[in-house]
Every structure is written in structure tokens, then in C-alpha cells.
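Below is one structure; the comments refer to it alone.
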Amino acid sequence: MTSFHIERINKELAKEISLLIQRRIKDENVKKAVILGVECSKDMSRAKVYFTTLDRDDREKVALALEKSSGLMRSVLSKEMHVRSMPAFCFIFDESEDRARRMEALLDRISGKDENGG
């Protein structure tokens, strides 16, 4: 499969998983997930689904709930997207937002010291 085709599927999967979580999944822990992106393997057997949560304390509960509901998601999405084979989902908590927040806080502290003559 071409990289363009996989990239298109990645975007479509991210959108469809997000919609599925909002509209059809009843588990409240799953609803706390925000899907950031999807990376399918070249053979389409696996897909890394990157997510975050608004509350860091919920991330383990959310990850477990996502894993539990992945079979249902695959089943529904394979019918809706008309894909020959739906990849197995591996949900990965994306810590980039946490790192960005820490970096911003550090930069704010540094700039505050510079402004105060330190």
C-alpha cells in the first residue's frame, strides 16, 4: 500500500474513532479520551491510536476502557468504512501535551527571572 493511501486511512480512522467514541460508546471512561492521531503499519495489521485525556489522573482507566472496547470499535468501523481488513488497535497515551505544558512553565519561569533582573 502506498504511503499516501496509508496516510489517508490514518486520518479517516482518527476521525471515525473519535466520532464512534462520541456517539456510540457508552463507557464514560472511553468518552474521556481525545484521539490525537493514528499510525497504521504498512501491512495494515496494526494501528497505533494516540490519545490524551483532559484529566491526567484518568489516563490508566481510560486506556483500559479503550482496550476493552477496541473489538467493538474494529467491528463497527470495518462495516462503516468498507475496509477489507481493519487493523488491530493499540492505544497509546500521548505525553507530548504534558511535555509541552512543562516546557511552557519552564520558559515562563525563565522569562520571569529575566524580567526581574535575575
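Read-outs: derived from the displayed coordinates by stated rules, not from any lab. A quick note: this is a predicted structure, and the numbers were derived from the prediction, not measured. Note that each Cβ is placed from the backbone with ideal geometry, even for glycine, and that neighbours are counted across all protein chains shown.
In deg cm²/dmol and to the nearest 500, what is the mean residue ellipticity at 222 nm of the chain if only DSSP H runs of at least 4 residues count, each as -39500 (n - 2.57), divided by the residue total? If you can, show how the numbers build up before the last one.
Details: 4 runs with 68 residues, N = 118.
Helix-only estimate at 222 nm: -19500 deg cm²/dmol.
Please report the relative contact order for the chain, taking Cα pairs under 8 Å with a sequence separation of at least 6, and give it as a percent rounded to a whole number. Provide the component values of the computation, followed by the final result.
Details: 130 pairs, mean separation 27.6, N = 118.
It comes to 23 percent, rounded to a whole number.
How large is ³J(HN,Hα) for each residue in region 2-16, as worked out from phi by the Karplus curve 6.51 cos²θ - 1.76 cosθ + 1.60 (θ = phi - 60°), to whole Hz, x for Gly and Pro?
In residue order, the calculated couplings are 6, 5, 4, 5, 5, 4, 5, 5, 4, 5, 5, 4, 4, 5, 5 Hz.
Top mean-square fluctuation among Ala63, Ala100, Ala33, Gaussian network model of the chain, C-alpha springs under 10 Å?
It is Ala100.
At a Cα cut-off below 29 Å, give the lysines reachable from Lys11, other chains included and same-chain residues fewer than 8 away excluded.
Partners within reach: Lys26, Lys31, Lys32, Lys42, Lys48, Lys61, Lys68, Lys79.
Residues with amide H under 5 Å of Ile92's amide H, sequence separation 5 or more or different chain, H placed in the peptide plane at 1.01 Å from N; which?
Val49, Tyr50, Phe51
Can you compute 3J(HN,Hα) from phi for each residue in region 50-67, using the Karplus curve 6.51 cos²θ - 1.76 cosθ + 1.60 with θ = phi - 60°, rounded to whole Hz and x for Gly and Pro?
8, 9, 9, 10, 6, 10, 4, 5, 8, 4, 5, 4, 5, 4, 5, 5, 5, 4
If neighbour count is taken as other Cβ atoms inside 10 Å, put Ile92, Ile9, Ile17 in order from fewest to most.
If I rank by nearby Cβ atoms, fewest first, I get Ile92, Ile9, Ile17.
With θ set to phi - 60° and the Karplus curve 6.51 cos²θ - 1.76 cosθ + 1.60, what are the ³J(HN,Hα) couplings of region 68-84 in order, to the nearest whole Hz, using x for Gly and Pro?
Along region 68-84, the couplings run 4, 8, 5, x, 4, 4, 4, 4, 5, 5, 5, 6, 6, 8, 6, 9, 4 Hz.
Express as a percent, rounded to the nearest 5, the fraction of DSSP beta bridges in the chain (both residues included) that run antiparallel. It would help to have the intermediate numbers written out before the result.
Working: 7 of 13 bridges.
In the chain, approximately 55 percent of DSSP beta bridges are antiparallel ones.
For region 36-118, state which trypsin sites (Lys or Arg not before Pro) are in a DSSP loop and have at most 11 other beta carbons lying within 10 Å of their beta carbon. Could you put the intermediate results ahead of the total?
Details: sites: Lys42, Arg46, Lys48, Arg56, Arg59, Lys61, Lys68, Arg74, Lys79, Arg84, Arg99, Arg101, Arg102, Arg109, Lys113; in loops: Lys42, Arg84.
Of the trypsin sites (Lys or Arg not before Pro), the ones in loops of region 36-118 whose Cβ has at most 11 other Cβ atoms within 10 Å are Lys42, Arg84.
Where Rh denotes the Kirkwood radius from the mean inverse Cα pair distance, what is Rg over Rh for region 1-59? Don't skip to the end; give the middle numbers.
Working: Rg = 12.8 Å, Rh = 12.3 Å.
Reported Rg/Rh (Cα atoms, Kirkwood Rh): 1.04.
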